[in-house]
1. Starting from the stretch 26-50, take each residue that is over 18 Å from R70 (Cα atoms) and without any contact (Cβ under 8 Å) to a residue 24 or more places away in the chain and list its partners that are surrounded by 12 or more Cβ atoms within 10 Å (Cβ to Cβ) and among the hydroxyl-bearing types (S, T, Y), counting only C-beta distances under 6 angstrom and pairs at least six apart or across chains.
2. When the residues of the stretch 13-41 are filtered to those that are surrounded by fewer than 16 Cβ atoms within 10 Å (Cβ to Cβ) and of a type in the set (S, T, Y), which remaining residue is modelled with the highest pLDDT?
Amino acid sequence: MGELDHEVDAPRGATSREWEVFVREAAADPLTHAGSVSAPSAEIAREQAEKLFGHAAAALWLCPADETRRFQDEALALDPAADEGDATMDEAEMHAETLRGEDA
C-alpha cells in the first residue's frame with residue numbers, strides 16, 4: 001500500500017496540512033478558488049491538486065489554508081446596493097460552498 005493509499009479516522013486536515021487550490025483555466029483568465037486538498041507537503045498537495053483540478057487548468061496555485069486570509073472592502077462589492085450586510089460567510093455557509101456538488 002502506497003503512502004497516500006490509507007484511510008484515517010481523523011477529520012480532514014487533522015492529520016496533515018490543508019491547502020487552498022486556485023486555478024487559471026487560460027492565460028488570460030483570473031485565478032479562481034477551485035477547492036482544497038489535505039497533504040503533508042506542498043509537493044504532495046500539488047500532485048493531489050493536479051489530479052483533481054489539473055484537467056481544466058493552465059496554472060495551479062497552492063496556498064496553505066492556515067496562512068490564507070480573506071479581506072473584503074465594501075468598495076470592492078459588485079453591487080453595493082444589493083449588499084445586505086456582512087459579505088463574509090459563516091462556517092456553515094463556507095462548508096456548504098466548499099462541498100457543493102459533492103455527496104457529503
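1. Between residues of the stretch 26-50 that are over 18 Å from R70 (Cα atoms) and without any contact (Cβ under 8 Å) to a residue 24 or more places away in the chain and residues that are surrounded by 12 or more Cβ atoms within 10 Å (Cβ to Cβ) and among the hydroxyl-bearing types (S, T, Y), the close pairs are A39/S16.
2. S41
Listed here are the residues, each with its yes/no results for (1) part of a strand (DSSP E or B); (2) modelled with pLDDT under 65; (3) touching a strand residue (DSSP E or B) at 6+ places or on another chain (Cβ under 7 Å).
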{"position": "E43", "(1), (2), (3)": "no, no, no"}
{"position": "R46", "(1), (2), (3)": "no, no, yes"}
{"position": "E50", "(1), (2), (3)": "no, no, yes"}
{"position": "F53", "(1), (2), (3)": "no, no, yes"}
{"position": "F71", "(1), (2), (3)": "no, no, no"}
{"position": "E84", "(1), (2), (3)": "no, yes, no"}
{"position": "A87", "(1), (2), (3)": "no, yes, no"}
{"position": "A92", "(1), (2), (3)": "no, no, no"}
{"position": "E97", "(1), (2), (3)": "no, yes, no"}
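The values are calculated or read from the model by the stated rules, or taken from the named source; none is laboratory data. Model, not experiment: these values are computed from the prediction. Glycine gets a Cβ as well: all are built from the backbone with ideal geometry, and neighbour counts include every protein chain shown.
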